[in-house]
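Written below as structure tokens is the structure these notes are about.
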Amino acid sequence: MNKYKMQLTAEQQAILDGKQGEVKAKVLETLVMFGDIFGAEKLVPVTHKQGHLVTSFGIGLLKPLFSTMDKLIAGGVKAEGGFSVDPRPLDYANGKCNFLEKLVFDKILYSKQEMYENQLRKVGLTGSSKFTCACYLDEVGNQPKEGDVLSWAESSAVVYANSVLGARCNRNSGMLDLFGSIVGYVPYFGLLTDEGRKATWKVYVKTSKKPEAQVLGSAIGMKVMEDVPYVYGLDKFLGSELTDDVKAYLKDFGAATASNGAVGLYHIDSLTPEAKRLGEKLLAENCREYVIDDAELDRVYKSYPVMWKNKEKEGNLCFIGCPHLTYSQLCDWTDKIVASLKAANRKKVVVRTVLTSAPDVVAKFKQTKKYAELIATGATLTSICPLMYTNNPLTKMHRIMTNSNKLRTYSAARYYKDEEILKKITGVKEGK
Amino acid sequence: MKQFKGRVLAGGNWKGEAVVSHQGVNTLATFQKSALKNAKQVYASDQNNPDIYEKNITGKALCLPITIGSTTGGLVIQTVCAMKINPAAFLFSQHIDSLAASGIVLARIWENSPVIAIDQLGDEFLNTVKTGDTLEISEDGTVTVL
């Protein structure tokens, strides 16, 4: 007897009844109970079989995660389509740590990393290079097509897949991402439905120049929270084609909407696929409105608290690349750092600077001469998750700067706009 | 004394103290510091949420509109429930969001946690209840502000 409201197919009911094992039954029950909360009437097939998991870090304290994984492995279940996963937390070769930091990372924080990665491989991890939050990049290749149903987590990847690729995925949590990939079904509600993809906010961008992606996303996220915004006026700055630069902008914009709020889907008028196809048919009735001008962006920017103990001092560590940089962003940052150093008559960055990107993007970048140019500046390139690095309480010794509003939100890092951060790391004095 | 009726997601009877956030609670930012320290109590560590920042929320009724932030959110709720340092109840004024729902379901099914969750209590609930108020929760989803 099914105690849930959802209508299941005979196959799904058999799984729930334990015909494919107790563990798989529990996995399906989790998805059904979850779907029931949202009034989902059915489970629908995951059409893009490759999953993406948010939980990549073997933090010793996440015992429920490890014990659930053990149960999955013992039950003989796995994600048949494979999956990519968020970035690793550590890379000592490129993300320098002192002895004490290494001790804390290895023995306390990420003491289960190796064990957890073994678990991930057993349940379907696609390959050792697939540790990135930007799994949708060309070089990584986990790319759904418009209309595909996904079982992904990682807020920045979900909002990108929904908005820029036109795929369909709810803001799943860690574990449920894997569960959907294991059974091949997800509950049908929210951002999977046409109705759920309608915008309930009209956002008007009326700034005098192209807004900083991370601040604009932050402003919208904090205003609309989990709702869907339809953004007017951004195409004036971005154009109407999803070029590499535009996709990189939308990646950073979306990550800020998702972390400073809970946005899972946005539409950009005349630019993103559904907005181009359906236009204002995507607007729900009685939309609320939010106007963003220069003053509003400035207000939001100035509202960010500075969490450094000594707020007057300059930063001494900088992370660029949360979410992971695209190949074009990596080239662009290299050019900007080199040019800014040259203008300042310097050879090396004045602040320890770490750029982060997907392993497959880094491998491609290393084949170019720009890699040598970047390394010559003293900056380093790695594929870690900056957020996982800043989890170490010892990182409070550093005054971390970042151009990521996501990293700012989850750590004591201080946010700077791209132009400001470039000046800081290359030693260009204010006003120049 | 004022009563509110919500939808029961994970039921239970309980009486205790409220901690109120008028803005969305960022689950990862709120719980991560205490969870990482293996602390016995959670002191909310989200610097962007002045309503609950540095307040002890373990064993309390966390009253909130929804949760926000990273999609690790559900796993974080499952973890603090497994560690038994979770709020005793999550009382949502709005429809529960997908991350919090994941966490409640994972905690119930995989950890046998007694965590209580009620949603759709309405805006008036959040306007009425204050941090430090005593609340009584009934199995049927009734929340009484005493």
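Listed values, structure above:
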item: Normalised alpha carbon radius of gyration of chain A [divisor 2.2 N^0.38 Å]; result: 1.00
item: Percent RCO, i.e. relative contact order, over chain B, from Cα pairs under 8 Å lying at least 6 residues apart; result: 36 percent
item: Antiparallel DSSP beta bridges within the protein assembly as shown, percent to nearest 5; result: 30 percent
item: Ranking of A:T395, B:T27 by count of other Cβ atoms within 10 Å, fewest first; result: A:T395, B:T27
item: Residues in segment B:110-140 reached by a label modelled at A:K5 [backbone nitrogen below 12 Å; 7 Å Cα→Cβ]; result: none
item: Between segment B:111-146 and segment A:360-432, the alpha-carbon center distance in angstrom; result: 43 Å
item: Average Cα contact separation per residue, segment A:196-302, under 8 Å, 6 or more apart, as relative contact order %; result: 43 percent
item: Average beta-carbon neighbours from other chains, 10 Å sphere, peptide A:304-310; result: 1
item: Average partner coverage of A:50-62, which counts Cβ from other chains inside 10 Å; result: 3
item: Antiparallel bridges, percent of DSSP beta bridges restricted to chain B (to nearest 5); result: 55 percent
item: 19 Å reach of a label modelled at A:A363, 7 Å along Cα-to-Cβ, counting backbone N of segment A:330-350; result: A:330-331
item: Surrounding net charge for A:S173, when Lys and Arg each add one and Asp and Glu each subtract one, Cβ distance under 12 Å; result: -2
item: FRET efficiency, 1/(1 + (r/R0)^6) with R0 35 Å, evaluated for B:T142 and A:K236 via beta carbons; result: 0.10
item: Förster-model FRET efficiency, 45 Å R0, B:K2 and A:K396, C-beta, rounded to 0.05; result: 0.55
item: Normalised contact order of segment A:10-192, rounded percent, pairs of Cα under 8 Å and 6 or more residues apart; result: 33 percent
item: Of A:P305, A:P87, A:P273, the one that fluctuates the most in a GNM where chain A has Cα springs shorter than 10 Å; result: A:P305
item: Projected label distance in nm at B:T134 and B:N56, using a 7 Å step from Cα toward the beta-carbon; result: 1.8 nm
item: Of A:K247/A:K369; A:K348/A:K417; A:K302/A:K336; A:K63/B:K5, pairs whose Cα-Cα distance is over 30 Å; result: A:K63/B:K5
item: Angle between chain A longest axis and helix A:113-123 axis [Cα atoms, degrees, rounded to 10]; result: 40 degrees
item: Packing-based ranking, highest mean first, of A:287-297, A:255-265 given that Cβ atoms within 10 Å are counted; result: A:255-265, A:287-297
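Taken together, the values in this text are just the output of simple stated rules run on the coordinates, not laboratory data. None of these values were measured; they are calculated from a predicted model. Reconstructed Cβ throughout: ideal geometry from the backbone, glycine too, with neighbour counts over all protein chains shown.
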